[in-house]
Ligand code: UDP
Ligand code: MG
């Protein structure tokens, strides 16, 4: 509290960083800034806006460079290609210099006015302030339902508790950002990482708007893979479950074996048995393949992690 209100060595007020990853967002950047700047000016703090251009194929970079001419508080990190939202967000957070750092989507789905409430909570002494979505306007019912299912399963089997309807829209104190920087993994499921770090957290509710322009880059297959990443990053239950499946199946086959032996002793050898044999073989084969597939998921993660490649590459900072 007082700690935050304190001015820095040169007597300046604290610095607030806004971090926004952009992938093909040429249509919304100006609108985003038009709404964001008055909010920031009203705060009475110094501010910087860090845009991360995540390998956009449209005029995103040109638009960013143009708006930067009018607003010197804008910094642009240009990634060398599209690394995906998690990596782009990581790049922005790691390069932000603020005493408080706010991650927000540029597509206007995160209402900028909420920033005021975030900062207020930070001044009260919270290290993390998360935005909780009260509505998911502009999302397909299937996306909503699958998100709900994902949070449910994730909550059941992982070691962290992912609060539902809490996304990347959040404020983090400098010390949280410094912690984030020490995490060495390069496969980044940010929601999970945020939850894993903990810290004194406040919740601010907001209504999610529809995308102002452009299209969402998260659909079907990409979301499915995102969900698998989310689970394999924070849970080993899918690995362990095979121990129990194997155990139950062995027990059942043992009992079946005894039953068959008794049957043979009473009724003599019965030749037909094709259906039961083939069913067993196929069933067990299927189970084994699933088990191997899941092992593969984790080995794949270990493989990617073992290469120690950086999470992102910054081509240039403007
Ligand atoms: N984004 C990004 N890289 C990507 C995909 C998305 O930096 O590969 C950014 C995008 O510009 C936006 C944010 O991540 O600011 C959220 O993306 P989007 O709106 O497509 O996702 P949704 O809101 O539908 O989950
Ligand atoms: Mg969006």
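For the chain, what is the relative contact order in percent, using Cα pairs closer than 8 Å and at least 6 residues apart in sequence?
22 percent
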- Efficiency of FRET between residue 209 and residue 237 - r from beta-carbon atoms, R0 35 angstrom, step 0.05: 0.45
- Note on the structure: A student applying the Cα gyration tensor rule (rounded when a/c is under 1.5; otherwise prolate if a/b is larger than b/c, oblate if not) would label region 110-153 oblate
- Gyration tensor verdict on region 166-207 (Cα atoms; rounded if a/c is under 1.5, prolate if a/b is larger than b/c, oblate otherwise): oblate
- Message: If I fit a long axis through the Cα atoms of helix 114-123 and take the longest principal axis of the Cα atoms of the chain, what angle between them do I get, 0 to 90°, rounded to 10?
- Response: 90 degrees
- In a Gaussian network model over the chain where Cα atoms closer than 10 Å are linked, find which of 100, 87, 117 has the largest mean-square fluctuation. 117
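Please list the equivalent ellipsoid semi-axes of the chain, computed as the square roots of five times the alpha-carbon gyration tensor eigenvalues, in descending order and whole angstrom.
Whole-Å semi-axes of the equivalent ellipsoid: 50, 20, 18.
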- Message: So if I average 1/r over every pair of distinct C-alpha atoms in region 152-240 and take the inverse, what Kirkwood radius in Å does that give?
- Response: 15.0 Å
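How much mean residue ellipticity at 222 nm does the chain get from its helices, if each DSSP H run of length 4 or more adds -39500 (n - 2.57) and you divide by all residues, to the nearest 500 deg cm²/dmol?
-17000 deg cm²/dmol
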- Longest principal axis of the chain (C-alpha) makes with the long axis of helix 85-95 (C-alpha) an angle, in degrees to the nearest 10, of 40 degrees
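What is the percent of Cα-Cα separations in region 192-232 that go past 14 Å?
Every Cα pair in region 192-232 considered, those over 14 Å come to 70 percent.
Full extension from residue 280 to residue 186: what is 0.36 nm times the residue separation minus their Cα-Cα distance, to one decimal in nm?
Values: separation 94, 0.36 × 94 = 33.84 nm, distance 4.17 nm.
Extra length available between residue 280 and residue 186 comes to 29.7 nm.
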- Rounded, prolate or oblate: pick one for region 82-121, where a ≥ b ≥ c are the square roots of the eigenvalues of its C-alpha gyration tensor, a/c under 1.5 means rounded, and failing that, prolate if a/b is larger than b/c, else oblate. oblate
- Message: If I take R0 = 51 Å and measure r between the Cβ atoms of residue 199 and residue 253 in this structure, what FRET efficiency does the formula 1/(1 + (r/R0)^6) give, to the nearest 0.05?
- Response: 0.55
- Query: Stretched out fully, how many nm does the piece from residue 228 to residue 37 gain, at 0.36 nm a residue minus the Cα gap?
  - Reply: 65.0 nm
- Query: Most fluctuating residue of 163, 141, 111 in a GNM of the chain with Cα springs under 10 Å: which is it?
  - Reply: 141
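Readers should treat all values here as calculations from the given coordinates under stated rules, not as data from a laboratory. Bear in mind that the values here come from a model prediction, so they are computed numbers and not experimental data. Using ideal geometry, Cβ is built from the backbone for each residue, glycine included, and neighbour counts are taken over all protein chains shown.
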